Structures are given as C-alpha cells and as structure tokens.
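The structure appears right after this line, and notes come after that.
Just so it is clear, none of the values below were taken in a lab; they were calculated from the coordinates. Keep in mind the model is a prediction, meaning the values are calculated, not measured. Note that we place each Cβ from the backbone using ideal geometry, even for glycine, and neighbour counts take in every protein chain shown.
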Amino acid sequence: MKKLQLTIYINEGDRVGELALHEVLVRRLLHLEIAGATVMRGVMGYGKHGKVHRQRLFGVSDDRPMMIRAIDDSVRLRAVLPELKAMVPGRLMILQEVEVL
C-alpha cells in the first residue's frame, strides 16, 4: 500500500517557548490525526550552515540533529504541510512515497 512519508530535520535544542520543538510537532501531528509519527535522535550531522552537531564526551550534547517522521495518505499529509512549514521555517522537510507492508 502506497503512503507518503514526511521527514522534518531539526536540532535537539530547538524550542517553542518552554517545550521541545519535536514534542510540539508530534503532539500537533497527533491532534491533526496523522496516522503515525516518530522522533529519532541523530548521533552526528550537519546542515547547510556546515556546523557539525554531535554527542560529546560524557554524553553532553552540542545540539544533536533530530528527525521527525510521519506517515499517512498523501491527501492527509499534504493538507497539513502549510501549518507544519510555518512551525519550522527554514528547516529541511522531505516528502517521499513509501510502500507500507
């Protein structure tokens, strides 16, 4: 069955007020009744600015990369894109067609 997967790239330290951005995004996806979402913390990465983010000695982070992946029907996921884009301006977002087994 074909579905659409949205991946949003953010950093661990991104916040909306007192809340972590990844938590705000996942709760919003749930409220919008998107079929599923998962947050993954990266070990190391960099983006268009060329700053490397990674875990340092003793587990101290320098703002590690994070990905939020959401999967649903194309129509449902595309309908929420404008709101999500407004929540993460300038961040990398990717849409991919996937086959759910």
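How would Met66, Met87, Met44, Met1 line up from fewest to most surrounding beta-carbon atoms within 10 angstrom?
Listed from fewest to most nearby Cβ atoms, that is Met1, Met44, Met87, Met66.
Starting from region 1-91, pick out the chymotrypsin sites (Phe, Trp or Tyr not before Pro) whose DSSP state is loop and whose Cβ has at most 13 other Cβ atoms within 10 Å.
Tyr46
Compute the long axis of helix 74-87 from its Cα atoms, compare it with the longest principal axis of the Cα atoms of the chain, and write down the angle in degrees, 0 to 90, nearest 10.
Result, in degrees: 40.
Can you give me the C-alpha center-to-center distance between region 6-40 and region 72-101, rounded to a whole angstrom?
Region 6-40 and region 72-101 have Cα centres spaced 12 Å from each other.
Pop a pseudo-label 7 angstrom from the Cα along the beta-carbon direction at both Arg91 and Val16 and give the gap in nm to one decimal.
0.9 nm
Treating the angle as unsigned and between 0 and 90°, give the value, to the nearest 10°, between the Cα long axis of helix 21-31 and the longest Cα principal axis of the chain.
20 degrees
Got a sec? How would Thr7, Thr38 order by Cβ neighbour count within 10 Å, fewest to most?
In order of increasing Cβ crowding within 10 Å: Thr38, Thr7.
Could you compute the FRET efficiency for Asp73 and Glu23, with r as their C-beta to C-beta distance and R0 at 22 Å, rounded to 0.05?
Once the sixth-power term is evaluated, E becomes 0.35.
By how many nm would the segment from Glu99 to Tyr46 grow when fully extended, if each residue of separation counts as 0.36 nm and the alpha-carbon distance is taken off?
Fully extending the segment from Glu99 to Tyr46 adds 16.2 nm.
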